[in-house]
Amino acid sequence: MTPAGKIRNIGMIAHIDAGKTTFTERILFATGKEHKVGAVDKGTAKMDWMPEEQERGITITSAATTCAWKDGWINIIDTPGHVDFTAEVERSLRVLDGAIGIFDGVAGVQPQSETVWRQADRYDVPRIAIINKLDRVGADWENATKSLADKLGATPLPLQIPVGQSADFIGVIDLIHERALIFHNEGEPPWEGPIPDGLQKQANVWRERLIEKAAEVAEPLLEKYVRGEEILTDELIGAIRKGTLEGAFTPVLLGSALRGRGVQPLLDAVLDFLPSPADLGPVVGRHPDKDEEVRFKPLPEEPLSALAFKTASDAYGQLTYLRVYSGTIKSGMKVYNPRSRKTERIGLIIRMHADEREVVDDAGPGEIVGCVGLKRTVTGDSLCSRAKPIIFGELRFPEPVISMAVEPKVAADRDKLILALSRLGSDDPTFRTQTDEETSQLIMSGMGELHLDVMAVRLKREYGVGVRVGKPRVAYRQRIRSLVEVEGRCVRQTGGRGQYGVVKLRVEPDPEVKDVEFEVNLRGGAIPKEFVPAVREGVLSAASGGGIGWGYRIVQVRSTLLDGSFHDVDSSEIAFRTAGAMAFREAMVKGGIVLLEPWMRFEIDVPEQYLGAIVNDLAARRAEIQEMDLRGGVRWVRGIIPLREILGYTTVLRSLTQGRGLAQFEPMNYLPAPSDVIKAIS
């Protein structure tokens, strides 16, 4: 069992095609984990093990691996860069202690880079950055570094400057150790030598800036700097580590993943500047039955605490990925799940290397492993001992934005299809399925066309179910237009025991509310307390049950129970539930309904000669262009566009640019739909 202080749990995060998987492949080669270098474009990358990833040349699912470097043990999770698979990044960052942000030396910070950076901010994950692809024409490490500050609000701290530019990029100047590192043969340690005379002056300037920034977080170093005393290397490394862990700045390194340049210094930086589980101190959670905080130290002898952050179903059953925070898990031991209130038995404990599995006897604090045998554990569940339970905060995932009807090619496969969809949904929290009550069609929903296309392919490949899919359907929403107060009456008194429930509701639009909020502001004892939950149930049932307006989900609505009346004999929960539902439906009709459509942020990069055609096409699609830039002979166009208008856009873009254009989209917000859209779906 590796001591927690020697472990580093890191994630590779970046925009699509920034070089995450390529850097991970070079790390595996440099550390001796793999004996040959895999290539993403050839479908031979170890971390892209799924057939869909190899065929498309993109990462779809986060893959875990481990490797040793010097005296440290590094657990790596290579995450997807495409927005359709952002859930993989979210749950990975929840259990990681540090991350490496990879940025294109030409493009700098790109849209999905911003998204994953904000996700890391939410979990307070310390990061180092590496500017990749410095061997490309137009690469500018200073502009790319500056974009970290301009677009991410980060404080970049360069630790290196390049030796050579573009095709002549051959190495870096290590500002901490004041040396040149020249990369010759891929996988081999760089040649170390003195700083070339032509770069000495530039190196002195950047080292001075480095020391100034590091001294801001370390008072002893600041005192030595002010007095003009010599700064020792270990002191400088200690100050940079302190600032990185506190989030005061982000160390920046340089490299070229494709040529294997910058890998060894990056691994050194992981050990030097990113935290171990021991550095982070006790894990903090809540007691499942008491309103009190629970803390366990990251030690093997402490009570067990672990988080299930991912599940994966395959031919061998369900594999559950665990991050162990404290205590020790062993094969065959029983663990308690506070959510289900059930005890489960751990079968095998597996150390993952992409799709390869190494069975181990146990795992301790800081380790990330797979477990077989946890049949009732789902993503986000905490595992602990029954005697000393702990529960962690739930994982939050974005809502699906697009839907498609799906049906088996062979009618007899319907039950098999339903089971396969259920398994895919249990593994991917952003993939949902339901049955349309009116048409009895199976509807699958996800984060984008690519997401659903991958799922359709997996149904055939992994579960043997051939399917036909309908055209994509946009997940519209609706909200009330204006504030109204209404009364709902469920009064049926025709002799004997009747039904009596009267409620008065105020219903209003509220952009700060995600779905439908229910509040109580009753005057006196107008409605007995025991009937208030029934009113709430009726309101929420009406909001989610369809039949209002266009039948889409209702969002951004606040409802408040103001008044009502009851009967000593005839009032019941059923009556007040019915009255609440009636009042809410009437309010939506009386207040007017606004149809909301999802909008997306986009970034499109195209060669200069195709810019006019792209801009004209975007204008016809109701897009709002917010920014255009020229980098390395390529035009970058940014803006926002309705989701409805980009269905099938990839094919159009290829046609307009002869296959040379690239588009990236990410969800933005829901905005009122114009009249032509309303007419089209009515």
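The values are calculated or read from the model by the stated rules, or taken from the named source; none is laboratory data. Only a predicted model underlies this, so the values are computations on that prediction, with no experimental measurement involved. No Cβ is skipped: glycine too gets one built from the backbone with ideal geometry, and neighbour counts run over all protein chains shown.
Kindly check whether there is at least one residue in region 99-115 that is modelled with pLDDT under 90 and under 25 Å from M352 (Cα atoms). Looking through region 99-115, none of the residues is modelled with pLDDT under 90 and under 25 Å from M352 (Cα atoms).
Residues that are more than 17 Å from the chain's Cα centre (by Cα): find the strands (runs of 3 or more DSSP E) completely inside region 46-117 holding 3 or more of those.
Values: elements: 63-69, 72-78, 98-104.
The strands (runs of 3 or more DSSP E) meeting that bar are 63-69, 72-78.
Those residues that are of a type in the set (A, V, I, L, M, F, W, C), under 29 Å from the mean Cα position of the chain (by Cα) and under 22 Å from E573 (Cβ atoms), I need them from region 506-527; list them, please. Walk me through it before giving the result.
Just the residues of region 506-527 that are of a type in the set (A, V, I, L, M, F, W, C), to begin with: 507, 513, 516, 518, 520, 522, 526-527.
Applying the additional criterion that residues be under 29 Å from the mean Cα position of the chain (by Cα) yields 513, 516.
Passing the criteria: only V516.
In the condition set (1) part of a loop (DSSP other than H, G, I, E, B); (2) farther than 30 Å from T343 by Cα, K375 is compliant with all but (2).
Taking each residue of region 152-181 that is within 15 Å of K133 (Cβ to Cβ) and looking for partners that are hydroxyl-bearing (S, T, Y) with beta-carbon atoms closer than 7 Å, six or more apart or interchain, yields F169/S256. With the requirement that a residue be modelled with pLDDT of 90 or more and either touching a His at 6+ places or on another chain (Cβ under 7 Å) or surrounded by fewer than 21 Cβ atoms within 10 Å (Cβ to Cβ) (or both), what does region 373-389 give you? Correct list: S385, R386, A387, K388, P389. Of the residues K201, K224, K290, the single one that is without any contact (Cβ under 8 Å) to a residue 24 or more places away in the chain and within 30 Å of G393 (Cα to Cα) is K290.
Can S403 be described as buried (at least 18 other Cβ atoms within 10 Å of the Cβ), farther than 29 Å from L96 by Cβ and either modelled with pLDDT under 90 or among the aromatic types (F, W, Y) (or both)? It is true that S403 is buried (at least 18 other Cβ atoms within 10 Å of the Cβ), farther than 29 Å from L96 by Cβ and either modelled with pLDDT under 90 or among the aromatic types (F, W, Y) (or both).
Restricting to region 132-142, name every residue that is charged (D, E, K, R) and either assigned to a loop (DSSP other than H, G, I, E, B) or under 14 Å from G101 (Cα atoms) (or both).
First, pick out the residues of region 132-142 that are charged (D, E, K, R): 133, 135-136, 140, 142.
Within region 132-142, K133, D135, R136, D140 qualify.
The residue list E344, E358, E367 contains one member that is of a type in the set (D, E) and exposed (fewer than 14 other Cβ atoms within 10 Å of the Cβ), which is E358. Residues that are more than 18 Å from V539 (Cβ to Cβ) and basic (K, R) within region 482-522 comprise R492, R497, listed in sequence order.
Answer yes or no: is there a residue in region 652-659 that is free of Cβ contacts under 8 Å to residues at least 60 places away in the same chain, of a type in the set (G, A, S) and in contact with a helix residue (DSSP H, G or I) (Cβ under 7 Å, 6 or more places away or on another chain). Steps first, answer last, please.
Start the filter on region 652-659 by keeping residues that are free of Cβ contacts under 8 Å to residues at least 60 places away in the same chain, which leaves 652-659.
Then keep just the ones that are of a type in the set (G, A, S); that gives 655, 659.
Imposing the further condition that a residue be in contact with a helix residue (DSSP H, G or I) (Cβ under 7 Å, 6 or more places away or on another chain) reduces the set to none.
Within region 652-659 (the criterion being free of Cβ contacts under 8 Å to residues at least 60 places away in the same chain, of a type in the set (G, A, S) and in contact with a helix residue (DSSP H, G or I) (Cβ under 7 Å, 6 or more places away or on another chain)), the answer is no, since none of the residues qualifies.
Those helices (runs of 4 or more DSSP H) of region 555-673 in which at least 2 residues are surrounded by 21 or more Cβ atoms within 10 Å (Cβ to Cβ) and in contact with an Asp or Glu (Cβ under 8 Å, 6 or more places away or on another chain), considering only elements entirely within it, cover 573-591.
I need the full set of residues from region 323-370 which are touching a helix residue (DSSP H, G or I) at 6+ places or on another chain (Cβ under 6 Å) and in a strand (DSSP E or B), in order please. Outline the logic, then answer.
Our first condition is that a residue be touching a helix residue (DSSP H, G or I) at 6+ places or on another chain (Cβ under 6 Å); within region 323-370, this holds for 323, 365-366.
Of everything in region 323-370, just one residue is touching a helix residue (DSSP H, G or I) at 6+ places or on another chain (Cβ under 6 Å) and in a strand (DSSP E or B), namely R323.
Table: residues versus (1) among the polar types (S, T, N, Q); (2) surrounded by fewer than 16 Cβ atoms within 10 Å (Cβ to Cβ).
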| residue | (1), (2) |
| --- | --- |
| G281 | no, yes |
| K290 | no, yes |
| L322 | no, no |
| S326 | yes, no |
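Within the set R396, R423, the sole residue that is under 29 Å from Y325 (Cβ atoms), assigned to a helix (DSSP H, G or I) and touching a residue at least 60 places away in the same chain (Cβ under 8 Å) turns out to be R423.
Being more than 19 Å from G19 (Cβ to Cβ) and either assigned to a loop (DSSP other than H, G, I, E, B) or acidic (D, E) (or both) is the filter here; which residues of region 143-159 pass it? Full working, then the answer.
Initially, region 143-159 is screened for residues more than 19 Å from G19 (Cβ to Cβ), giving 146, 149-150, 153, 155, 157.
Matches in region 143-159: D150, G153, T155.
Every condition in (1) on the phi > 0 side of the Ramachandran plot; (2) more than 27 Å from the chain's Cα centre (by Cα) holds for L159 except the one numbered (1). Screening T320 against (1) in a strand (DSSP E or B); (2) among the polar types (S, T, N, Q); (3) closer than 22 Å to I173 by Cβ leaves a single unmet condition, (3).
Determine, yes or no, whether E608 is acidic (D, E) and modelled with pLDDT of 90 or more. Write out each step before concluding.
Values: acidic (D, E): yes; modelled with pLDDT of 90 or more: no.
When the stated conditions are applied, E608 does not pass them.
From the residues in region 121-151 that are β-branched (V, I, T) and in contact with a Leu (Cβ under 8 Å, 6 or more places away or on another chain), which one is nearest to V89 (Cα to Cα)?
Restricting attention to region 121-151, the residues satisfying the condition of being β-branched (V, I, T) are 125, 128, 130-131, 137, 145.
Filter once more, keeping what is in contact with a Leu (Cβ under 8 Å, 6 or more places away or on another chain): 125, 128, 130-131.
Numbers: V125: 13, I128: 17, I130: 18, I131: 20 Å.
So, considering only residues that are β-branched (V, I, T) and in contact with a Leu (Cβ under 8 Å, 6 or more places away or on another chain), the one nearest to V89 (Cα to Cα) is V125.
Restricting attention to region 157-183, the residues that are surrounded by fewer than 19 Cβ atoms within 10 Å (Cβ to Cβ), within 21 Å of G138 (Cα to Cα) and touching a helix residue (DSSP H, G or I) at 6+ places or on another chain (Cβ under 9 Å) add up to 1.
If you take the residues of region 528-547 that are outside any helix (DSSP H, G or I) and over 33 Å from the mean Cα position of the chain (by Cα), which of them is modelled with the highest pLDDT?
Of all residues in region 528-547, those outside any helix (DSSP H, G or I) come to 528, 545-547.
If we keep only those that are over 33 Å from the mean Cα position of the chain (by Cα) too, we end up with 528, 547.
Details: P528: 88, G547: 70.
Applying the filter and picking the extreme gives P528.
For S92, the criteria (1) free of Cβ contacts under 8 Å to residues at least 12 places away in the same chain; (2) touching a strand residue (DSSP E or B) at 6+ places or on another chain (Cβ under 6 Å) hold in every case but one, which is (1). Looking at region 15-36, which of its residues are on the phi > 0 side of the Ramachandran plot and either assigned to a strand (DSSP E or B) or among the small types (G, A, S) (or both)? Within region 15-36, G19, G32 qualify.
A search for C-beta distances below 9 Å between a residue of region 450-466 that is in the same structural domain as V410 (by TED's automatic domain parsing) and any residue that is hydroxyl-bearing (S, T, Y), counting only pairs 6+ apart in sequence or on different chains, returns L450/T650; H451/T430; L452/S403; L452/S445; E462/S313.
Considering A154, A203, A214, the condition of being among the aliphatic types (A, V, I, L, M) and closer than 23 Å to E90 by Cα is satisfied by A154 alone.
Would it be correct to say that A129 is in a loop (DSSP other than H, G, I, E, B), in contact (Cβ under 8 Å) with a residue 40 or more places away in the chain and surrounded by 21 or more Cβ atoms within 10 Å (Cβ to Cβ)? No; evaluated as a whole, the condition is false for this residue. Of the candidates V125, V116, V109, the single residue that is closer than 21 Å to L274 by Cα, in contact with a His (Cβ under 9 Å, 6 or more places away or on another chain) and of a type outside the set (S, T, N, Q) is V116.
Residue check: is S422 surrounded by fewer than 21 Cβ atoms within 10 Å (Cβ to Cβ), among the hydroxyl-bearing types (S, T, Y) and under 29 Å from K514 (Cβ atoms)?
Working: surrounded by fewer than 21 Cβ atoms within 10 Å (Cβ to Cβ): yes; among the hydroxyl-bearing types (S, T, Y): yes; under 29 Å from K514 (Cβ atoms): yes.
Answer is yes for this residue.
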